Structures are given as structure tokens and as C-alpha cells.
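Structure record follows, encoded as C-alpha cells.
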Amino acid sequence: MSTSFHLLADAPAQLLPARELMAFTLASHIILVPLGVAFPFITLVMHYRGLRRKDATALLLARRWSAVMAVQFALGIVTGTVLSFEFGLLWPGMMGRWGDVFGIGFGVEAWAFFLEAVLIAIYLYGWRRLKPRTHFLLGLPLPAAALLGAFGILAANSWMNTPQGFSLDSEGNPVDVDVWKAIFTPMFGPQYWHFVVAMILTAGFVVSGVYAVGWLRGRRDHYHRLGFAVPFTIAAVATPVQFVLGDSIARSVFHKQPVKFAAMEIVWKTDTRVPEYLFGRLQEDGSVKGGIKIPLLDSFLAGFSADTKVVGLTSVPADQRPTATQATIAHWAFDLMVLIGSVLVLLALWYGLVWLRYRRLPASKWFYRSAACAGVASVVAVESGWIATEVGRQPWIVYQNMRVAEAVTFTRSTTLWIMLGVVMLVYVLLFGSFLVILLKMRTRWRLADEQRAAGGPPTDAPEADTPYGPRAPVPAGDAPAASGDAGAEGDHR
């Protein structure tokens, strides 16, 4: 009988549904995180361009993006709150014993959410009501608040990967907590910057992908060119930086979490001159099926030398390492993330070379097809990165201090499965409503643009002219329609 089967049979019945519930809610929430963390920054870059160049189109884009940002933030609060509750409901063993050590990260995130909500409200309210410079300056703290939220959650997660800042008493409970050491763990720096840059490039590719689709459909006006160029340029600059940071965090995992590194690279025995496997499958006996084997490469990537010793999974007992299946999942997620990152670097280089040589956007349809897919691909890369991080750490919820099975709730497994079904249904409705709202906003804005281009009265009064200063006077003959639009104007500000 396989080792994986024995370990699964010994696990509490609640473990599988609890992990599935946590995985589903986290995977759903992380779709929204890039827009929550980086979209305010991209919006403010567009806002600054509009003010600096007196470009009404850039201001129009910034204003519309701010509306999308607010809707996305509202949904992110819901999914983020569910995750916060799940930590206490599904993993009471961890929170009960270790909450005093690393819980400050969740507190920082909560304050950041509150601050960001206030700042978004001020930013939305400021259009037409504040002076342009004042409005822009009041929006500048938004990216900092978003980064503060990322700081809190990454501090907690990096502590789970490399716990420190405490001592253990005779009963194994943490005492003498040092908050600063608990926040700034060995993995915090690599994880935080890798995450932040990932959010920036993902948000850039997602937003620019919308306008790449418009370009492919023949919309090649200044509005769509600008809507594509600004976020894509930000993403293109961030992509090679992310490639370097990704190499750095992989090396940090090699030194600080060698067993996780062995899982991500499916290394069975500690050795030198270790080959690299691309998308292979680790078997229970340590052999690897499928994939592409590249001799010596794993050792070279780990330490810049073929003689670098790489720790294998068998360096620790079976109950202290990921199973063969878990290692394969972490390995595939890691390889997929690296593959997508490499393709995005090539796309960024394509864009950069065309711009440097011709000072214009690329004209190839294949470029815009690739750019349209880049947003989805970057989200998949983010999901893959979290899978590699969390699955590769198994069986530990607090690395080398507490197993996942020790932290799980005592709630009946049947109840947890029902909760999973309910949450999945609610999330489908939430994300479906989010998509419907975005489509309605797009349709309304497109109708307003078409009406304005035709020279007729705009269908969306707040977007009829620049976002600052008094509105254009309404002809006397249109007075009834104007009064009917007053409520719409209030709604869209």
C-alpha cells in the first residue's frame, strides 16, 4: 500500500473538506487581488498623464477605471472577509496557539482595507467636486494603502513558511513573542516583492487585454490606444523585473525551505548534479515519469554550479514531507508559473523593441492576440504561484512546528462539505453579478462615446466633457431630458 494512502487514511475526516473550502475561497479571492493591489496605481498613472498633458481622454479613462476599481473593491471585501473568518473557523488549532505571534499581519490588513475604502470613496467623490491638483493628491495614498494590505497578509504567510520571533515553553506553547521578528521573517522580503510586482504586471496585462480585444475588433482611436498603452507599458516594465525576483525567491526557498524546494523540483534523493524535470510526475518509489529531463540543470539553477547539493524529499521522514502527489502538484504549478512568466517576458520584449525602433505601438494582429491572452495567463500564473507555495509546504501549516491535521476544526466533515457547496453557489452568483455590472458599464460608456462621436447629445451626461470644471450648458429645449439625467449624474459621479 502506498505511503500517500497511509497518510490520507490517518488524517482527520475534516481535513479534506476544510482544505478544499479554503483552497476554493482563496483561489477565487486571488483573482481580484491584482486589481485591488495594483489597479489604483495604474489609474493614478493615467490620471497624472491626463493632468500633465491636458488630455481629456486620459482623464476620462481614469474616471471610468475608478468606477471599476470601486466595484471590484466591494467584491474583494466580501471574499476577503470570508477568508478571514475561515482562518478561525477551519483552523482553530493554528489560530489558538499561534495567533498571538503572527496575528498582527491580519490586523494590519484589516486597517489597510478600511483605509483603502475611505480613500476610494474620496477619490470617486472628488471628480468635478475638487480642484484637479487637490483631487489627484488625495488619490496618491491609494496605492500605499493597497501595498499596506499586501504587507499584512504576506507577513502572515511568510511567517507560516519561516516561523520565528518566539520561544516555546515546556508545553510547546509560544512565549516571549518578538513582533518585529515575527513580521520580518527570512521569507518576507522575497515573498513580498515577488507578490507586489506580480500584482502590478497582472493588473497591467488584464486591463490592457480589454483594449487589445477592442483593437482586434477595429477600435483604433486615441481612447483605445491610450487604454492599451499605459497599462501594458507598466506590465512590460514589471515583467523582466519579476523574472529576476522569481529566481531570487526560488533561491530563498532552496536555502530556507529545502524540502519544499525538493517538492517543487521533484527531487527524491539528496545529491549533486541533479537534473531538471519539466512537467514530470513523481512516483511513490521516487522515479519520475513523463516530462522533459535536462541533465545537471537543477543543481546549476540552485547554486550556479553542477556540483551544488540539492536536498531531496527522502532527507526527512515521510510524515514530514509532501506526498508524491502533492509534490507533483507543486512541481506542475511551479513549472506553469515559470513558463507563463517566460512567455510574458518575450511579449514585453516584442513591445519594447517595436517602441524603441519605431516609436509606435506594434501593428501585428498576433501581438494583440497575445496581449489579449496575457491577462488570463498572468492570473493563471498567480494562481499557480500560490499553489506551489501552499502545497509545497505540506504537511505543515506552520513550517516544522504544526501540521495541517493538528490545526483543523472538529466540525463534522459533512457540515464542511455542505458549507463548500453553499460557498461555491454564492461565489458563482457574486462573480456573475460582478461580470454583469462590468458589461453594463461598458455598454453605457460605449453608447456615450458613439453618441458623442456622432455629434448628438450624450447618453451619459457625466462623461460628456472633461471631468473637471462646470458641466456644459444644457439647451433650453432639452430641459426635461436634463432633469431626468440629474439622477443618473449623481449615480455616476
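Got a number for carbon plus sulfur as a percent of the chain's accessible area, 1.4 Å probe?
Of all accessible area on the chain, carbon and sulfur atoms account for 67 percent.
Using Cα centres only, tell me the gap between segment 179-238 and segment 354-387 in whole Å.
Using only Cα atoms to place each centre, the spacing works out to 10 Å.
Assuming R0 = 41 Å, can you tell me the calculated FRET efficiency for the pair ILE418 and SER248, based on Cβ-Cβ distance, to the nearest 0.05?
Given R0 = 41 Å and the Cβ-Cβ separation, E is 0.45.
Using a basic spin-label model with each label point 7 Å from the Cα along Cα→Cβ, how many nm lie between VAL241 and LEU438?
The answer from the label model is 2.4 nm.
Mind pulling the angle between the C-alpha long axis of helix 15-53 and the longest principal axis of the chain? Nearest 10 degrees, somewhere in 0 to 90.
The answer is roughly 40 degrees.
Net charge within 12 Å of GLY214 by Cβ-Cβ distance, Lys/Arg positive one each and Asp/Glu negative one each, not counting GLY214 itself?
+4
Run down the lysines and flag those whose C-alpha is under 17 Å from the C-alpha of LYS54, throwing out any fewer than 8 positions away in its chain.
Here the lysines satisfying the reach criterion relative to LYS54 are LYS131.
Mind checking the angle between helix 188-216 and the chain's longest principal axis? C-alpha axes, 0 to 90 degrees, to the nearest 10.
It is inclined by approximately 40 degrees.
For Rg and Dmax of the Cα atoms in Å, one of (i) 25.2, 85; (ii) 25.4, 95; (iii) 22.5, 72 was computed from the structure I shared and the rest are decoys. Which label?
Here Rg and Dmax of the Cα atoms in Å agrees with entry (i).
Taking only DSSP H segments of four or more residues, each worth -39500 (n - 2.57), what value at 222 nm results for the chain once the sum is divided by all its residues, to the nearest 500 deg cm²/dmol?
My calculation for the chain gives -24500 deg cm²/dmol from helical runs alone.
Whose amide H sits under 5 Å from the amide H of GLU284, counting only residues 5 or more places off or on another chain, with H placed in the peptide plane?
HN-HN under 5 Å from GLU284: empty list.
What is the sum of charges around LEU140, taking Lys and Arg as +1, Asp and Glu as -1, for the other residues whose C-beta is under 15 Å from the C-beta of LEU140?
Every neighbour counted, the sum reads +3.
Ordering LYS365, LYS440 by how much accessible area each has at a 1.4 Å probe, largest first, what is the list?
Correct descending sequence by accessible area is LYS440, LYS365.
Grab the beta carbon distance between LEU346 and SER170, set R0 = 60 Å, and tell me the FRET efficiency rounded to 0.05.
0.60
Can you give me the relative contact order of the chain as a percent, contacts being Cα pairs under 8 Å and 6 or more apart?
Over the chain, the number comes to 19 percent.
Could you state the accessible area per residue of the chain in Å², with a 1.4 Å probe and every protein chain left in place?
I get 48 Å² per residue for this part.
Does anyone have the angle between helix 365-392 and the longest principal axis of the chain? Alpha-carbon axes, 0 to 90°, nearest 10?
Result, in degrees: 40.
With Cβ to Cβ distances under 12 Å as the rule, what net charge do the other residues near VAL274 carry (K, R +1; D, E -1)?
-1
FRET efficiency for ARG217 and LEU429, Cβ-Cβ distance as r, R0 = 30 Å, nearest 0.05?
0.55
Rank these by accessible area, largest first, 1.4 Å probe: HIS135, HIS222.
HIS222, HIS135
The values are calculated or read from the model by the stated rules, or taken from the named source; none is laboratory data. The shown structure was predicted, so the numbers you read here are calculated from the model rather than taken from an experiment. Ideal geometry is used to build each Cβ from the backbone, glycine not excepted, and the neighbour counts take in all protein chains shown. Remember, those area values only see protein heavy atoms, side chains included, never the ligands or the DNA or RNA. Shrake-Rupley method; radii C 1.70, N 1.55, O 1.52, S 1.80 Å.
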